[in-house]
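Student: I have a structure I would like to understand better, so I am pasting it below and will then ask my questions one at a time.
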Amino acid sequence: DRVAYTAWQEWTKFGRSTIVYGGHGNGYVNRSGVTERSEPLASKIGDYWGSCGHPDWNGRTSSKPWSGAFVTWVMSKSGVSAADFPRDGRHGGYLAALYDRGQRGGRAPFLLHAPNEYSPKPGDLVCTGTAGPTWRNADPRTAKRRIDSTASHCDVVTDVRGGYAHAIGGNVKDSVTMSLYPVDSRGRLAPLSGRTWMMVVEKRV
C-alpha cells in the first residue's frame, strides 16, 4: 500500500523510534529516534505543515502538535487528492470532514468504523479520542461535532501480523514513531490501558 509505504519510509529516515505495547513483539523493542528539534526532522516538520498551508511552522519554530500534519502529508505524498482527504493539520478536522463525506452517500474514499467493527489493514488509520467510539451511536450532527472536538491522535497502519497492528505516527516521543498495538484473533484493536480507541478509518482509494 502506497500510504503505508510512505509512512514507513519516513519512519526509517528518522531513526526508527518504536513503542511496543507489551515490551517486545515481531522482533521489535522500544527505541528512540531523531527528535523534533534535531535536524533533519526539525525542517521536515515544515514540509508536513506545508501540506496544510503552514510552511513557516517546523520543529523549532512551532510548539504546535504536528501529528495531524504528518498524516495529511503522508496522504498528500502518496497521491491521495485533497478532494479525497482534506489538507487539515488537526485530526478532528479531517476526521469530521471524512465523516461528513461518508454521510452524503455514494462511494466514500474513506469509511469510519468503530474499533470493534473492523480490522485495520495497511493504509488505514487507527485513532484515539477522549470520548471513544460514542460518535458511532449519535445522530449525524452530534457525531460530527464529537469527532471534531474529541479526536486525539491517528497513526497510519503499515502492517498487521503476529498479534500486532504496526502503526506509524508523528509527534510520538517527539519523533516519527512506530507503535505496535495488540490485536485480537479477528485482527481488531485490543483494549489498551491509558488509550481510548475512537475509530479505525478504512482507506478505499
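The values are calculated or read from the model by the stated rules, or taken from the named source; none is laboratory data. Every value quoted in this text rests on a predicted model; they were computed, and no experiment measured them. Don't worry about glycine lacking a Cβ; one is built from the backbone with ideal geometry, like all the others, and counts go over all protein chains shown. Note: accessible area is taken over every heavy atom of the protein model, side chains too, but ligands, DNA and RNA are not part of it. Shrake-Rupley method; radii C 1.70, N 1.55, O 1.52, S 1.80 Å.
Student: Any residue at all in the stretch 91-110 that's modelled with pLDDT of 95 or more, of a type outside the set (D, E, K, R) and exposed (fewer than 15 other Cβ atoms within 10 Å of the Cβ)?
Tutor: Looking through the stretch 91-110, none of the residues is modelled with pLDDT of 95 or more, of a type outside the set (D, E, K, R) and exposed (fewer than 15 other Cβ atoms within 10 Å of the Cβ).
Student: Moving on. Specify which of the listed residues (ASP139, ASP174, ASP184) is closer than 18 Å to ASN26 by Cα and surrounded by fewer than 20 Cβ atoms within 10 Å (Cβ to Cβ).
Tutor: ASP184
Student: Here's something else I'd like to know. Please work out if TRP57 is under 25 Å from LYS13 (Cα atoms) and either out of contact with any helix residue (DSSP H, G or I) (no Cβ under 7 Å at 6 or more places or on another chain) or open to solvent by 30 Å² or more (accessible area, probe 1.4 Å) (or both).
Tutor: When the stated conditions are applied, TRP57 passes them.
Student: Return the residues of the stretch 86-110 that are closer than 19 Å to VAL176 by Cβ, touching a strand residue (DSSP E or B) at 6+ places or on another chain (Cβ under 9 Å) and not in a helix (DSSP H, G or I); say none if nothing qualifies.
Tutor: ARG90
Student: Out of PRO182, PRO120, PRO133, PRO115, I need the residue that is assigned to a loop (DSSP other than H, G, I, E, B), farther than 20 Å from TYR5 by Cβ and either of a type outside the set (A, V, I, L, M) or modelled with pLDDT of 95 or more (or both). Which one?
Tutor: Checking each option against the conditions leaves just PRO115.
Student: Okay, moving on. List pairs: first in the stretch 29-47 and free of Cβ contacts under 8 Å to residues at least 40 places away in the same chain, second part of a helix (DSSP H, G or I), Cβ under 7 Å, 6+ apart or cross-chain?
Tutor: ASP47/TRP73
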